[in-house]
Amino acid sequence: MTDRRIVFVVFDGFQPLDLTGPHEVFHSAGGYACDIVASRAGPVRSVSGLLVHAAHGVGDFAPAGTDTLVVVGGQGVDRARQEPGLVAWVAAAAAGARRVASVCSGVFLLAAAGLLDGRRVTTHWARAEQLAREHPKVRVDCDPIFVRDGRVWTSAGVTAGMDLALALVEDDLGRDTAHAVARQLVLFLRRPGGQSQFSVALWSRQPATDPVRAAVTAIHAEPGARHDVAGLAAHAGLSPRHLQRRFTAELGMPPAAYVERVRVEAAQRALTEGDEPVEAIARRYGFTTAETLRRTFHRRLGVAPSDYRARFRSTARPAGAGHDALEGETA
């Protein structure tokens, strides 16, 4: 089989991990030929000063033949989207590509090329409001780490580009290959698109002391276990009252609230990665019944578990489904 052609678009001031992360995923998977294109061939300086050699400039690299177009992000995107030649080349390459993707603020370059009107997209949470304001015809959802709408895939910031690339590999080569690549790259977790940018692991405070750290570790190791204050206090080697006070002071929320957030995220992953019944997921992650899980999802996410599953289903294609039948809403 001929290698699929992945074309990365970079510019001065790009975020280096937006390029190198997905590039390593495709290289590790095999079966892909990766090219780097910029406004002009030659060295391109990233926002952190790293120089990357773009073998091709848009003036000497035909847009035809691109299988997957990946536009990276970075602070320089605001200048890049003002370059008519680069924007026109992106539009031309996207017209014939099987798939179009962006990492982080690279979505602004796709929007400038007129590729996103009517589509649902995501980007880094810090730039979502700007994207929605400047492009009112684009449906911006700043919560997921990546979104697929038809043949257009968009992702949140930096490391989410690797999650997106793994999803593209899964779309091409299957789940086993994507998992093998994740293991090879020693990624802690291959996150589904529905994983929130506002994950408790990213946004909560970190434990400051070993006793509270022991309690937090126990929660993440087995979210569905009975994590009442007495049990967590035993892990921490503290009295229940002492743990309650220290946990709240160090993490900014009481143990019960933290446990619920971790359980909700575990259930989110289970809903998007498999076909296990909602009732079974509720029992496995400590919600006891499907109704309890449903009420918790409505309170925290504003959506029922079944609707969440339908919206953020794994990129693995179900039998008989068309190419754009999963997360896409626009063909």
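So what's the range 1-59 giving for Rg/Rh, alpha carbon basis, Kirkwood Rh from the mean inverse pair distance?
On the way: Rg = 11.7 Å, Rh = 11.8 Å.
Checking Rg against Rh, the ratio lands at 0.99.
Considering only protein heavy atoms and a probe of 1.4 Å, how much of the accessible area of the range 1-99 is carbon and sulfur, as a whole percent?
On the way: 2250 of 4100 Å².
Carbon and sulfur: 55 percent of the exposed surface of the range 1-99.
Applying 1/(1 + (r/R0)^6) with R0 = 41 Å to the Cβ-Cβ distance of R205 and A55, what FRET efficiency is obtained, to the nearest 0.05?
Values: r = 45 Å, r/R0 = 1.09.
In this case the efficiency is close to 0.40.
Over the Cα atoms of the range 74-187, how large are the radius of gyration and the largest Cα-Cα distance (Dmax), in Å?
14.3, 41
Please work out the FRET efficiency for the pair V186 and R213, using the Cβ-Cβ distance as r and a Förster radius of 25 Å; give the result to the nearest 0.05. Mind showing how you got there, number by number?
On the way: r = 22 Å, r/R0 = 0.89.
Efficiency computed from Cβ-Cβ geometry: 0.65.
Which angle between 0 and 90 degrees, to the nearest 10, do you get for helix 84-96 versus the longest principal axis of the chain when only C-alpha atoms count?
80 degrees
What FRET efficiency comes out for the pair Q82/D141, r = Cβ-Cβ distance, R0 = 45 Å, nearest 0.05?
On the way: r = 26 Å, r/R0 = 0.58.
Working from the Cβ atoms, E equals 0.95.
Sort all Cα-Cα distances of the range 1-108 into consecutive 10 angstrom bins from zero, then give the percent of pairs in each bin up to the one containing the longest distance.
Calculated over all Cα pairs of the range 1-108, the distribution is 16, 53, 29, 2 percent.
With each label point set 7 Å from Cα along the Cα-Cβ vector, what nm distance links D12 and H298?
In this crude label model, D12 to H298 measures out at 5.5 nm.
Need one word for the chain: rounded, prolate or oblate. Basis is the Cα gyration tensor (sqrt eigenvalues a ≥ b ≥ c); a/c below 1.5 gives rounded, then a/b vs b/c decides. Before the final figure, lay out the partial values.
Values: a/c = 2.14, a/b = 1.80, b/c = 1.19.
Note, shape of the chain comes out prolate.
Evaluate the relative contact order of the chain (contact order divided by residue number), counting alpha-carbon pairs under 8 angstrom at least 6 apart; express in whole percent. Could you put the intermediate results ahead of the total?
Details: 641 pairs, mean separation 43.7, N = 331.
It comes to 13 percent, rounded to a whole number.
Once you place label points 7 Å from the Cα toward the Cβ at A256 and A234, how far apart are they in nm?
So the label points at A256 and A234 sit 2.0 nm apart.
Quick check on the range 103-151: take the gyration tensor over C-alpha atoms, sort the square-rooted eigenvalues as a ≥ b ≥ c, and tell me if it's rounded (a/c under 1.5), prolate or oblate. Each step should come with its number before you reach the end.
Working: a/c = 1.37, a/b = 1.09, b/c = 1.26.
Rounded shape, in that the Cα axes give a/c under 1.5.
Give, to the nearest whole percent, the P(r) tail of the range 53-107 beyond 16 angstrom, counting all Cα pairs. Write out the running numbers ahead of the final one.
On the way: 651 of 1485 pairs.
Counting every Cα pair in the range 53-107, those more than 16 Å apart make up 44 percent.
Of all DSSP beta bridges located in the chain, what percent are antiparallel, nearest 5? Mind dumping the intermediate values first?
Values: 9 of 32 bridges.
Percent antiparallel among DSSP bridges in the chain is about 30.
What accessible area per residue comes out for the range 11-55, rounded to a whole number of Å², with a 1.4 Å probe? Present the calculation step by step, with values, prior to reporting the outcome.
Details: 1910 Å² over 45 residues.
With all protein chains present, the range 11-55 gives 43 Å² per residue.
Would you mind classifying the range 63-139 by shape? Square roots of the alpha carbon gyration tensor eigenvalues, ordered a ≥ b ≥ c; an a/c under 1.5 is rounded, otherwise it is prolate if a/b is larger than b/c and oblate if not. Each step should come with its number before you reach the end.
Working: a/c = 1.71, a/b = 1.44, b/c = 1.19.
The shape class here is prolate.
The values are calculated or read from the model by the stated rules, or taken from the named source; none is laboratory data. Here the structure is a predicted model, which means the values were calculated and not measured. Don't worry about glycine lacking a Cβ; one is built from the backbone with ideal geometry, like all the others, and counts go over all protein chains shown. Please note that ligands, DNA and RNA were not included when accessible areas were found on the heavy atoms of the full protein model with its side chains. Shrake-Rupley method; radii C 1.70, N 1.55, O 1.52, S 1.80 Å.
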